[in-house]
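In what follows, a single structure is set out as C-alpha cells and then discussed.
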Amino acid sequence: MGQNSDRRARILLINPNSNEATTTMMVAIARSAAADGFDIVGATATRAPTIIVSADALEAAALEVEEIARLRDGECDGVIVSAFGDPGLAGIKATMKLPAVGIGESAMLEAAGNGRRFGVATTTPLLKAKIDALPDTLGLRASYTGTRFADGDPQQRQSSPRSHLPCDGSFVSSRRNLRFFRAAASAVLRKTVFLDMNSAVLDV
C-alpha cells in the first residue's frame, strides 16, 4: 500500500484452530487494538481440531495455514498467524513477500522488551517442547523462565473461557505467579498482535 493511498491496509488473521467463534473473538480484539488505516479480516482453518493441543496437530495445521495465506495473498497486506505455536509462520515467511507475524513470537518479543524476564501460562502441556524451543529461536533464552500449566482437559477449558488460566490456590501459590496471571488481562500487544484463548506470555 503506497503512502498516498487512501485504501485501508488489510491484515489477514488466520486461526489455525477450526473454531469460528474463536476467530470472531480474535478479530474483534485485533480490530480494537489496530491503528487507524488498518482493517482486520479473519480466516479459519477447517481441517484442524477446534483446539490444537499436541505437537502433531500443530505441525499438521501449519500446512493449512500456509495454504490459506497463499490463497488470500492478493487480498491482504500482511498476515497474523493466531495460534500460540505459530504454525505455518516459517513457511509463509520463506515463500511469500507479505509481512507475517505469529502471536507466539510477537508475544515473547514484546514480553522480553527492556530486558524483562517472562514465562508462558498455558492449558496445553503437550506443546511444552514447542513453546520452550521458541525463546531459543528468538535469542531470548536468558530471559525465559519457562512454562506454567493449568490442570484439566484443554478441551473442557475451551468451553469455559473464565477457566482458561485459573488463579485459584491450587495453581497460583505465590505472589509472583499471581502477578503472572493478572498480567494475562493485558494480552493485547502494541503490535496489534494478541494471544489466543489458551496461552499467555507475560513478564514475571
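Being more than 26 Å from T44 (Cβ to Cβ) and in contact (Cβ under 8 Å) with a residue 40 or more places away in the chain narrows it down to one of G139, G119, G115, so name that one.
Values: G139 fails: in contact (Cβ under 8 Å) with a residue 40 or more places away in the chain; G115 fails: in contact (Cβ under 8 Å) with a residue 40 or more places away in the chain.
Every option except G119 fails the conditions.
Looking across G115, G88, one residue alone is at pLDDT 90 or above and out of contact with any His (no Cβ under 6 Å at 6 or more places or on another chain). It is G88.
Considering each of T137, T122, T145, T192 in turn, give the residue that is surrounded by 15 or more Cβ atoms within 10 Å (Cβ to Cβ), at pLDDT 50 or above and not aromatic (F, W, Y).
Working: T137 fails: surrounded by 15 or more Cβ atoms within 10 Å (Cβ to Cβ); T145 fails: surrounded by 15 or more Cβ atoms within 10 Å (Cβ to Cβ); T192 fails: at pLDDT 50 or above.
The conditions single out T122.
Confirm whether E66 is outside the structural domain of Y144 (by TED's automatic domain parsing), in contact with a Ser or Thr (Cβ under 8 Å, 6 or more places away or on another chain) and either under 29 Å from A9 (Cβ atoms) or part of a helix (DSSP H, G or I) (or both). Yes.
In the set (1) out of contact with any strand residue (DSSP E or B) (no Cβ under 6 Å at 6 or more places or on another chain); (2) surrounded by fewer than 21 Cβ atoms within 10 Å (Cβ to Cβ); (3) modelled with pLDDT under 90, the condition left unmet by I51 is number (2).
Here is a yes/no grid of residues against (1) of a type in the set (K, R); (2) under 17 Å from G139 (Cβ atoms); (3) buried (at least 22 other Cβ atoms within 10 Å of the Cβ):
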{"position": "A57", "(1), (2), (3)": "no, no, no"}
{"position": "L71", "(1), (2), (3)": "no, no, no"}
{"position": "G78", "(1), (2), (3)": "no, no, no"}
{"position": "S82", "(1), (2), (3)": "no, no, yes"}
{"position": "K93", "(1), (2), (3)": "yes, yes, no"}
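When the range 46-61 is examined, which residues are found to be touching a residue at least 12 places away in the same chain (Cβ under 8 Å), farther than 13 Å from K128 by Cα and small (G, A, S)? A48, A60, A61, listed by residue number.
Within the range 69-96, being in a loop (DSSP other than H, G, I, E, B) and without any contact (Cβ under 8 Å) to a residue 12 or more places away in the chain holds for no residue. Please verify whether A185 is within 24 Å of R31 (Cα to Cα), surrounded by fewer than 17 Cβ atoms within 10 Å (Cβ to Cβ) and at pLDDT below 85, treating the condition exactly as stated. For A185, the condition - within 24 Å of R31 (Cα to Cα), surrounded by fewer than 17 Cβ atoms within 10 Å (Cβ to Cβ) and at pLDDT below 85 - is met.
The values are calculated or read from the model by the stated rules, or taken from the named source; none is laboratory data. Everything quoted here is computed from the prediction, not taken from an experiment. Note: ideal-geometry Cβ built from the backbone for every residue, glycine included; neighbour counts use all protein chains shown.
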